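Quick notes on the structure that follows.
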Amino acid sequence: MMRFLSKVIRVLYVIWASCWFIGIMLLILPFIVLASFLGRITGGNVIYYFLWFWSRTWFPLVGMFVKKTYVGDHSDKSSMMYAVNHTSYLDAALAVGQVRLPFRPLGKIEMQKIPLFGFIYKHAVVTVDRSSARDRVLSVRKMIDTLKQGVSILIFPEGSTNTTGQPLMPFHNGAFKIAIETQTDIKPILFLDNIDRFPEGKGLLALNPGRVRIVYLPAISVKGLTIADQNTLKQQVYDVMEAALRQYRTYPEIPVQA
């Protein structure tokens, strides 16, 4: 009986969360359509203020309460390369409400196919088709141009959702190369609880309310670095993020192979 009631409550909660998710999106959609005519940079910046409203409204409405922790200086005023760990589909929704505007995330082009959401995604994200070498080169050019326009870039350096049970997966090189080429500092950000609020691969009924902690780590300078320092920078960012994640969460031990 208790199991049945628990399932009913979960279903009702998901319906509630989904209705608000779609409802707020429909509310802001006309404004996003109008803003899309203002161009990639100006229009994109306007779109993100509406997405900020959507995120800041939806999370508390569904009982997910954000707690932010700042480590060190957080008075970032210039464009940055934000590096965020990736554990859940909630990561992008949280980012648009909690990362300093203006910014653009790098995202998979396949997400454009989702009805309604795909239109917003197309005008709010620097997309990349990882199966196309030409498209990967084009996305790099777009990111460099975006940074030069004073707009920050947000990347998930792991490249895909981490389901390993460990703090991080290996990082890809691209973002670190761009950061060095454009002399853009990297600011690591940790999403600690999205994996608990909406675990990957467990279905929509796994969505649940609770705390959502964010940790903003100090920016890592790339001043004076060259492409030869790319791997060193990547490892530095990885080590900083992994150490901080282990400070806030407990992870299973990795078995020692004989």
- request: Quick one: dipole size for the chain, taken about the Cα centre, charges +1 on Lys/Arg Cβ and -1 on Asp/Glu Cβ, in debye to the nearest 20.
  value: 520
statement: Taking the dipole of the chain about the Cα centre (Lys, Arg +1; Asp, Glu -1; charges at Cβ), the one of Leu245, Thr226, Phe119 that reaches farthest to the positive side is Phe119
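Between Phe37 and Lys108, what's the calculated FRET efficiency when r is the beta-carbon distance and R0 is 30 Å? Round to 0.05.
Once rounded, the FRET efficiency stands at 0.75.
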task: Could you please state how large a percent of the accessible area of the chain is carbon and sulfur, counting protein chains only and using a 1.4 Å probe?
output: 62
field: the chain: relative contact order as a whole-number percent, Cα under 8 Å and 6+ apart
entry: 24
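Can you give the FRET efficiency for Leu204 and Tyr248, using 1/(1 + (r/R0)^6), R0 = 25 Å, r = Cβ-Cβ distance, to the nearest 0.05?
That pair, Leu204 with Tyr248, gives E of 0.40.
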Ordering of 70-77, 149-156 by packing [mean C-beta count within 10 Å, highest first]: 149-156, 70-77
field: Ranked packing of 85-98, 37-50, most packed first, by mean Cβ within 10 Å
entry: 85-98, 37-50
- request: Return the single residue from Leu27, Leu168, Leu207 with maximal mean-square fluctuation; model: Gaussian network over the chain, springs between Cα atoms under 10 Å.
  value: Leu27
statement: With every protein chain kept in place and a 1.4 Å probe, the chain has an accessible area per residue in Å² of 53
query: DSSP beta bridges in the chain, what fraction antiparallel, as a percent rounded to 5?
result: 15
message: Over the chain, with a Gaussian network built from C-alpha contacts below 10 Å, which listed residue (Val237, Val11, Val125) shows the highest mean-square fluctuation?
response: Val11
field: Cα Rg, Dmax, segment 1-75, angstrom units
entry: 17.5, 56
- prompt: Given 0.36 nm per residue, what is the gain on full extension from Lys67 to Arg211 after removing their alpha carbon distance, in nm?
  reply: 51.1 nm
message: Suppose R0 equals 35 Å. What FRET efficiency, 1/(1 + (r/R0)^6) with r the Cβ-Cβ distance, do Trp16 and Lys148 give to the nearest 0.05?
response: 0.25
Asp185 paired with Trp52, simple spin-label distance in nm, labels 7 Å along Cα-to-beta-carbon: 2.0
statement: Summing -39500 (n - 2.57) over every DSSP H run of at least 4 residues in the chain and dividing by its residue count gives a helix-only mean residue ellipticity at 222 nm, to the nearest 500 deg cm²/dmol, of -15000 deg cm²/dmol
- request: Report the one residue of Gly44, Val99, Ile178 whose Cα lies farthest in the direction of the positive end of the charge dipole of the chain (charges on C-beta: Lys and Arg +1, Asp and Glu -1; origin at the Cα centre).
  value: Gly44
field: 26 Å Cα-Cα reach of Lys67 towards lysines, excluding residues that sit fewer than 8 places from it in its own chain
entry: Lys77, Lys187, Lys202
field: Pair-distance profile P(r), taking every C-alpha pair of the chain, with 5 angstrom steps and integer %
entry: 1, 6, 12, 16, 19, 17, 13, 8, 4, 2, 1, 0, 0
field: Peptides 241-247, 195-201 ordered by average Cβ neighbours within 10 Å, highest first
entry: 195-201, 241-247
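The values are calculated or read from the model by the stated rules, or taken from the named source; none is laboratory data. Since the model is a prediction, treat every value here as computed from it, not as a measurement. When we count neighbours, we look across all protein chains shown, and the Cβ atoms used for this are built from the backbone with ideal geometry, even at glycine. Side chains included, ligands, DNA and RNA excluded: accessible areas come from the protein's heavy atoms. Shrake-Rupley method; radii C 1.70, N 1.55, O 1.52, S 1.80 Å.
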